Amino acid sequence: MSAVETHNLTKIYQNRHIALNGVTVCTEPGAIVGLLGPNGAGKTTLIRLILGLHRPSAGWVEVFGRQMTPNAAVLRCRVGYLPTAPRLPPQMTPITYLDYVGKLFGLPGEVRKPRLAAMIRAVDLLGASAQKLSGLSTGMLTRLGIAASLMNEPELLVWDEPTYGLDPEARRFTIDLMKELARNRTLILSSHLLHDVDEVCDHAVVLNQGQLIFQGTMGELKGRMRRNHFELQLEGKTKAIETARANVSKLASVRSASAAGPRIAIELTESKDVASPLAEVLMTVAEAGVGLVSIHSKGQQTEEAFLELVESDEARGFTRATDAKAA
Amino acid sequence: MWNQTRLVGLREQLMRRLRRWFLPYSAVFANDLAVLAQSWVLRAWLVLTALFALVTLLDHSSPPSTAGHPGGTIVAALLHPVDTTPGPAHTIAQLLKFYVVVWVSFVVVLTGGTISSELGVVADSVLSRGISRWQYFLGKWTSRLVAVLGVYLLVMVPTTLVIWLGSGVDQVTTETHSEGDITTVAVVQAPNQFVIARAIRPVGLVIGLARVAALLALVATCGVAFSASFGSTVISIGVGWVSIYGTGLILSVLDFAYFSPARLVQELPSVISGTYVATPQAWLIGGWVGLTLAIATLSGIVMARRDV
């Protein structure tokens, strides 16, 4: 039984805007799925459909093998949701808010009270537990939102942009928490910050313009990438760096080389073996009398992988419709 | 023995399920009431109704025949510039008339944003939890009903009691009408003259209060229904005002005055003084309560099917 399964999920708002188009995804229990896509790709719509906040125009969503609907309260008791930049009732305090959320999940007092105390302690809001929510910072509100999403001890966590608006310290806290929580839960993480997804997730779902363009492991996502793109960070005189670039571009195994300040981006010719041409490039650089600071493969970056997926999907244009029909 | 154990188990299971259902509902209900208690609209309405009741009480305690006369008070002239029979039934009817004609607009404002103001982000953090749309809707609807009827009763019950107990009835006569209903007429002693004024009958008073309460419940339910149907609070309040006053006007203009607020206002003094036929009164109140429940059910269905 899948944790989340959607079939041919389509959402059209007021017959004007197609937010999601025939999305079929399947998330296995225990998976940590990164939901990626540019703005307007349909990520939040997909999340809202998974939670039963919206009704699909066509297709269906199943959570733990049962169809999700707006009235499927029992099913939502197994899901913890963190919305983007949670806006919470301003007149409440963290304690009253978590108590309220506990009641919404139907938790009796003897379960609710100890759990909310533990949650407040876990998200480090003990000092602010008596403060009104209107006086809490974005980071504190996000931490409280995280606590609220865990009040029902959910089997499935759906977090929409959890690191949105957080300072580096709070972001690190959230990422570490996600890693910890994902050990025994299914986690769907929607984020614009690809580094976060890269760090936490083992699976990825990529949406673009309401369509599913990739579903698989993070390894598969990166594996689709250009493996022959490298970037060298150099140090030395500008003239020497330019000489190095010119010499590198003359190599038979190099398709192109471009310099941008102390960095040289190179594209090798298609070859199964990358090590030999790369060694040749490094030798040429050394001969030009410049130092090598760092080298990294652009193809192994999630961001690059994601962008290439989106670009190639957009380039396909009309053929997408044909593919969808054939499928 | 086994049956008894099974019965106990079933009862416990049932209780657990009931508690499980009741908790989310009561959470929304209590939270909404707490928010309403801090709302300036509700506070303003309570203060204004209480102030109006106080002014009416003061006017009632002043010489009754002075209104419309050269020496009459301004307050008396404003409240009943034409009608010069200000008995206790009439005074209460005046108060109730204000609820039907003026205070309903506050009720529309108070209920028009019940759900629409929460749609989107705040609703996300409620409706994404273990609560069904029906529980949410019922919690919101009942809390608004309690708030509206609570303010109404909080002001009207003590006011009517004061008017009733202090009406100074000296002599009561009873007349039998052709329909068989009873009118109680009291001779009220004013400081300098006697006037014929309608006295209050307890059952009539309860019926009068219940009629206005049923109308307020209907208006409150319409407000919640509009807020569940429209995405904007401004639109739901606007539609609420137009439909409440528009429907009242249409019912009054057309030959379908049975349910019209105008007729309700006209009949109030007679009803409060006991001049009524019980069965149509019961049908009228029952009809409004039924309509209220029907509108609530329909809007619950709309709410359960809409995107939030």
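Just checking, does the range A:160-170 include any residue being assigned to a strand (DSSP E or B) and within 14 Å of chain B (Cβ to nearest Cβ)? Within the range A:160-170, one or more residues are assigned to a strand (DSSP E or B) and within 14 Å of chain B (Cβ to nearest Cβ).
Does residue A:140 count as more than 10 Å from chain B (Cβ to nearest Cβ) and on the phi < 0 side of the Ramachandran plot? For residue A:140, the condition - more than 10 Å from chain B (Cβ to nearest Cβ) and on the phi < 0 side of the Ramachandran plot - is met. Scanning the range B:96-126 for residues that are within 14 Å of chain A (Cβ to nearest Cβ) and touching a Lys or Arg at 6+ places or on another chain (Cβ under 7 Å) yields a count of 3. Test residue A:82 against the stated conditions and say whether it is buried (at least 17 other Cβ atoms within 10 Å of the Cβ), facing chain B (nearest Cβ under 10 Å) and under 21 Å from residue A:10 (Cα atoms). No; evaluated as a whole, the condition is false for this residue.
Being within 30 Å of residue A:40 (Cβ to Cβ) and surrounded by 13 or more Cβ atoms within 10 Å (Cβ to Cβ) holds for only one residue in A:292, A:221, and it is A:221.
Comparison of A:98, A:107 shows that the only residue that is on the phi < 0 side of the Ramachandran plot, within 9 Å of chain B (Cβ to nearest Cβ), among the hydrophobic types (A, V, I, L, M, F, W, C) and crowded, with 22+ Cβ neighbours inside 10 Å is A:107.
When we screen A:108, A:86, A:70 for residues that are closer than 17 Å to residue B:129 by Cα and free of Cβ contacts under 8 Å to residues at least 12 places away in the same chain, the only hit is A:108. In the range B:63-81 there is no residue that is under 30 Å from residue A:106 (Cα atoms), away from chain A (no Cβ under 14 Å) and either surrounded by fewer than 16 Cβ atoms within 10 Å (Cβ to Cβ) or at pLDDT below 90 (or both). Under the condition of being in contact with a helix residue (DSSP H, G or I) (Cβ under 9 Å, 6 or more places away or on another chain), surrounded by fewer than 20 Cβ atoms within 10 Å (Cβ to Cβ) and part of a strand (DSSP E or B), the residues counted in the range A:194-215 number 1.
The criterion of at least 1 residues that are touching a strand residue (DSSP E or B) at 6+ places or on another chain (Cβ under 9 Å), among the β-branched types (Val, Ile, Thr) and modelled with pLDDT of 80 or more is met by the following helices (runs of 4 or more DSSP H) wholly inside the range B:160-277: B:261-272.
Please verify whether the range A:171-191 includes one or more residues that are assigned to a loop (DSSP other than H, G, I, E, B), surrounded by 17 or more Cβ atoms within 10 Å (Cβ to Cβ), on the phi < 0 side of the Ramachandran plot and without any contact (Cβ under 8 Å) to a residue 60 or more places away in the chain. Within the range A:171-191, none of the residues are assigned to a loop (DSSP other than H, G, I, E, B), surrounded by 17 or more Cβ atoms within 10 Å (Cβ to Cβ), on the phi < 0 side of the Ramachandran plot and without any contact (Cβ under 8 Å) to a residue 60 or more places away in the chain.
For the range B:1-58, filtering for residues that are within 14 Å of chain A (Cβ to nearest Cβ) and either small (Gly, Ala, Ser) or not in a helix (DSSP H, G or I) (or both) leaves 7. When the range A:60-77 is filtered for residues that are buried (at least 19 other Cβ atoms within 10 Å of the Cβ) and charged (D, E, K, R), only A:76 remains. Quick one: in the range A:1-45, of everything that is within 14 Å of chain B (Cβ to nearest Cβ) and basic (Lys, Arg), which residue is surrounded by the fewest Cβ atoms within 10 Å (Cβ to Cβ)? That would be A:16.
Scanning the range B:122-152 for residues being of a type in the set (S, T, N, Q), without any contact (Cβ under 8 Å) to a residue 24 or more places away in the chain and in a helix (DSSP H, G or I) gives a total of 1.
The single condition among (1) buried (at least 17 other Cβ atoms within 10 Å of the Cβ); (2) of a type in the set (S, T, N, Q); (3) touching a residue at least 60 places away in the same chain (Cβ under 8 Å) that residue B:232 does not satisfy is (1). Going residue by residue through the range A:46-62, is there one that turns out to be facing chain B (nearest Cβ under 8 Å), part of a helix (DSSP H, G or I), under 26 Å from residue A:6 (Cα atoms) and in contact with a His (Cβ under 8 Å, 6 or more places away or on another chain)? For the range A:46-62, residues facing chain B (nearest Cβ under 8 Å), part of a helix (DSSP H, G or I), under 26 Å from residue A:6 (Cα atoms) and in contact with a His (Cβ under 8 Å, 6 or more places away or on another chain): present.
The values are calculated or read from the model by the stated rules, or taken from the named source; none is laboratory data. Not measured: the values here are computed from a predicted model. Cβ atoms come from the backbone with ideal geometry, glycine included; neighbour counts cover every protein chain shown.
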